Each structure stands twice: as structure tokens, then as C-alpha cells.
1. Give the residue list of trypsin sites (Lys or Arg not before Pro) in the stretch 50-117 that are DSSP loop and have at most 11 other beta-carbon atoms within 10 angstrom.
2. For the stretch 65-107, just the Cα atoms, rotate onto the principal axes and tell me the three extents in Å, largest first.
3. Work out the FRET efficiency for Ser27 and Glu104 from their Cβ-Cβ distance, taking R0 = 35 Å, and round it to the nearest 0.05.
4. Can you pick out the pairs among Lys88/Lys113; Lys44/Lys88; Lys34/Lys116; Lys71/Lys113; Lys35/Lys113 whose Cα atoms lie more than 23 Å from each other?
5. Where in the stretch 38-65 is the amide nitrogen less than 16 Å from a point lying 7 Å along the Cα-to-Cβ axis of Ala78?
6. Show me, for the stretch 43-50, the HN-Hα J-couplings you get by feeding each phi into the Karplus relation (A = 6.51, B = -1.76, C = 1.60, θ = phi - 60°), rounded to Hz, glycine and proline as x.
7. Can you tell me how much longer the chain between Asp91 and Lys38 gets when fully stretched, taken as 0.36 nm per residue apart minus their C-alpha distance, in nm with one decimal?
Amino acid sequence: MEIRVSLKQTVVTDNNGKVDSVAQSSSTVDVNGKKTEKTDFVYKATDGTLVKVVFKNDPKESTVAITSNKKTFTLTKAETKGDETIYKKDDMTARVKGDSLHLEQGNNIIPLKRTKI
């Protein structure tokens, strides 16, 4: 088994192919030719609360982990519609479009915006 890990300065691009300067970190792990990529961002809620969001893409599935107040919710990618990606788990849905993330649970919608710290 061959495992390679590379930590690098973030080179994440937006939908227009421009470098996204708000990503906090990015890493790629290569296990026997299968790559797993993780990219961390900080999002801000309208009330000023900071939320850590980690996007993970591996050969089996793509997920988003949202951490706030020492609680982490991990949602699995359900579908992509144009430039919007939707992640779901139980009654929770995260809709990611550009630098916005809308977290939905029941009738509650929490809009988050990607930010620099």
C-alpha cells in the first residue's frame, strides 16, 4: 500500500477558474492512486458567528462537515444542479452556491457567507 500526503498552500478555484483566496487550507491524500481532497473554509452567519466548513471529496463520496459551537454535522453530497451543490443528512440540507451556504433544518434557514478571518 502506498500512501502519499501533500499539504499545500491553497489553490482552490471558483466557478470562473480564478484562485479563491478565502480557503484556509487544502490537502490531498493519495492512497494507491485514489485521491482524497479536503478543503477548509470559514463561513460567517448573519449574526457574526464563525463556522468551520470542510469539504471532502474521495473516491467513495463527497461530504461537507459544518462545525459550530463544538458540534459537527456531516452531510453527504446528494446532487448538483448547475452551479449549486446540495448536501443532505436526515432533515438537514446544505445548499452551496458560490461563496454562500444555506443550512436548512425544518423551517429554519441559516445563511452563511464565506469569509476571511
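1. Details: sites: Lys52, Lys56, Lys60, Lys70, Lys71, Lys77, Lys81, Lys88, Lys89, Arg95, Lys97, Lys113, Arg114, Lys116; in loops: Lys60, Lys70, Lys116.
Answer by residue number: Lys60, Lys70, Lys116.
2. 32, 22, 20 Å, listed from the longest principal axis down.
3. The formula returns an efficiency of 0.75 here.
4. Details: Lys88/Lys113 19 Å; Lys44/Lys88 20 Å; Lys34/Lys116 31 Å; Lys71/Lys113 19 Å; Lys35/Lys113 28 Å.
As for pairs spanning more than 23 Å Cα to Cα, those are Lys34/Lys116; Lys35/Lys113.
5. Answer for this model: 62-65.
6. In residue order, the calculated couplings are 10, 10, 7, 5, 8, x, 5, 8 Hz.
7. Details: separation 53, 0.36 × 53 = 19.08 nm, distance 2.45 nm.
Between Asp91 and Lys38, full extension yields an extra 16.6 nm.
Bear in mind that the values in this text are calculations on the coordinates, not laboratory data. Quick caveat, the model's predicted, so the values are computed rather than measured. Methodologically, a virtual Cβ is constructed for each residue, glycine included, from the backbone with ideal geometry; neighbour enumeration extends over all protein chains shown.
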